[in-house]
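Derivation of every value follows stated rules applied to the coordinates shown; laboratory data play no part. Keep in mind that what you see is a predicted model, and the values were worked out from it rather than measured. Methodologically, a virtual Cβ is constructed for each residue, glycine included, from the backbone with ideal geometry; neighbour enumeration extends over all protein chains shown.
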Amino acid sequence: MKIIITGGAGFIGSHLTEALLNKGDTVAVIDDFNSFYDPALKRENVKGFAKNPRLTLFEGDITDREKVTRSIGSFSPDVICHLGARAGVRPSIQDPLLYERVNCQGTLNILEAVKDLRLKNFVFASSSSVYGINSKTPFSEEDPITRPISPYASTKRAGELFCFTYSHLYGLPATCLRFFTVYGERGRPDMAVAKFTRLIHEGKPIEVYGDGSALRDFTYVSDIISGVVNAVYNPSSYEIVNIGGSKTVTVKRLIEVIETSLGKKAQIKFSVPAPGDAPITYADVTKAKKLFGFEPKVRIEEGVARYVKWFLARRTGV
């Protein structure tokens, strides 16, 4: 199949690009290599597949409607995997207008460009953040989404609703995947596993918001990619589906696992809880198992060990 991946140079996007190329698909990446974190890291992400003859790279911003329409039209995809977005709860509180522009307008630009193409599938990367303050656990796709607590969460929920609208109006097959705290090789440097690993390794203090008892459903990147690929090949008229590890870990426990993998102790500085951070994320993945056989396989101890091995190899050049 011919598949476009927006954000295909990023953390999850680059892994997905590799996986689909390895399956024999023809892939186009749309990415603007923005400075949310060091663009050189994204350039490095694409090095491994940049010369693949089945890869096309469109460098551009999804808020540029003309560029988006032209890129999609020239490639004529069968499937769109829309991962491109401004990510992060805390940065969205600092600049909500940027998040609205990229995550809402950008998504609409892509939907407008594909509404008449008769795509086989449209896969949208949503987030567990949409659940907000949700007292029921684990989180189910049937839970009411009425209390998102960050602009990022609100924009991701808006994206899901836009997908439904275009599915209803134009018969666009759409699957919205709610990702739960993804970590692993190439992980964004601002995310907990990457940031804590680097600081502990360097002997610097790490800041923990709250008392470390917050619970997160950490999901290793290979499990996320398995879920996305399965969703690509199993289209639905419209579905929202959780993709997560389906097991919670406290932030304190995460730090202990990183300490064990690094063989170093952390210097922890506790601070007040950050606005926009949910006290718990926890995925019910029953629906994903039913629709396309999703089964998370990598537990936190194994996933962190893999990440730390990759991190140390990059530091030593081995």
TODO: May I ask you to derive the relative contact order of the stretch 140-216, considering only C-alpha pairs under 8 Å and at least 6 residues apart, and to give it as an integer percent?
DONE: 13
TODO: Please label the shape of the stretch 210-277 as rounded, prolate or oblate, based on the square roots a ≥ b ≥ c of the eigenvalues of the alpha-carbon gyration tensor (a/c under 1.5 means rounded; beyond that, a/b larger than b/c means prolate, else oblate).
DONE: oblate
Task: Rg [Å, one decimal], Dmax [Å, integer] - the stretch 132-222, C-alpha atoms - done: 17.0, 55
TODO: Scan the chain and report its longest stretch carrying no GluC sites (Glu not before Pro) that are both in a DSSP loop and have at most 15 other Cβ atoms within 10 Å.
DONE: 1-141
Open item on the list: I need to check one value: relative contact order of the stretch 192-308, counting alpha carbon pairs closer than 8 Å and at least 6 residues apart, in percent.
Closed with: 43
Open item on the list: Binning at 5 angstrom from zero up to the longest distance, how are the C-alpha pair distances of the stretch 160-318 distributed in percent?
Closed with: 2, 9, 16, 18, 17, 13, 10, 7, 5, 2, 1, 0
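For the stretch 195-246, report the translational diffusion coefficient in µm²/s to the nearest whole number, using Stokes-Einstein at 10 °C, 1.306 mPa s, and a Kirkwood Rh over Cα pairs.
The estimated diffusion coefficient comes to 111 µm²/s.
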Open item on the list: Give me P(r) over the chain, computed from all C-alpha to C-alpha distances, binned every 10 Å, as integer percentages.
Closed with: 6, 27, 37, 23, 6, 0
Open item on the list: Viscosity 0.692 mPa s, temperature 37 °C: what is the translational diffusion coefficient of the stretch 275-318 from Stokes-Einstein with a Kirkwood Rh over Cα pairs, rounded to a whole number of µm²/s?
Closed with: 242
Open item on the list: What would the Debye equation give as log₁₀ I(q)/I(0) for the stretch 38-124 at q = 0.14, 0.18, 0.23 Å⁻¹, counting only Cα atoms as equal point scatterers?
Closed with: -0.59, -0.94, -1.25
Task: Given 12 as the ceiling on other Cβ atoms within 10 Å, longest exposed-site-free region of the chain for trypsin sites (Lys or Arg not before Pro) in DSSP loops - done: 137-264
Open item on the list: Using Cα-Cα distances under 8 Å and only pairs 6 or more residues apart, what relative contact order does the stretch 1-65 have, in percent?
Closed with: 37
Open item on the list: Between Arg90 and Lys247, what is the label-point separation in nm under the 7 Å Cα-to-beta-carbon projection?
Closed with: 2.7
Open item on the list: Need one number for the stretch 233-314: average projected area of the convex hull over its C-alpha atoms, nm².
Closed with: 8.1
Task: Fully extended contour minus Cα-Cα distance, from Arg101 to Asp78, at 0.36 nm per residue - done: 5.7 nm
Task: For the stretch 1-76: rounded, prolate or oblate by the Cα gyration tensor [a/c cutoff 1.5] - done: oblate
Task: Over 18 Å [Cα-Cα, the stretch 37-82], rounded percent - done: 43
Task: the stretch 15-56: projected area of the alpha-carbon convex hull, averaged over directions, in nm² - done: 2.9
Open item on the list: Need one word for the stretch 44-195: rounded, prolate or oblate. Basis is the Cα gyration tensor (sqrt eigenvalues a ≥ b ≥ c); a/c below 1.5 gives rounded, then a/b vs b/c decides.
Closed with: oblate
Open item on the list: Using helices alone, I'd like the mean residue ellipticity at 222 nm for the chain: each DSSP H run of four-plus residues gives -39500 (n - 2.57), total over residue count, nearest 500.
Closed with: -12000 deg cm²/dmol
Task: Per-q log10 I(q)/I(0), the stretch 95-134, q = 0.16, 0.25, 0.34 Å⁻¹ (Debye; single scatterer per alpha-carbon; no solvent) - done: -0.56, -0.94, -1.10
Open item on the list: Rounded to the nearest 20 debye, what is the charge dipole size of the stretch 190-318 about its Cα centre when +1 sits on each Lys and Arg Cβ and -1 on each Asp and Glu Cβ?
Closed with: 400
Open item on the list: Let's test this: bin the Cα-Cα distances of the stretch 105-164 at 10 Å from zero up to the farthest pair and state each bin's percent.
Closed with: 20, 47, 24, 9, 0
Open item on the list: Could you identify which residue out of Val298, Val221, Val68 has the top mean-square fluctuation in a GNM of the chain using Cα springs shorter than 10 Å?
Closed with: Val298
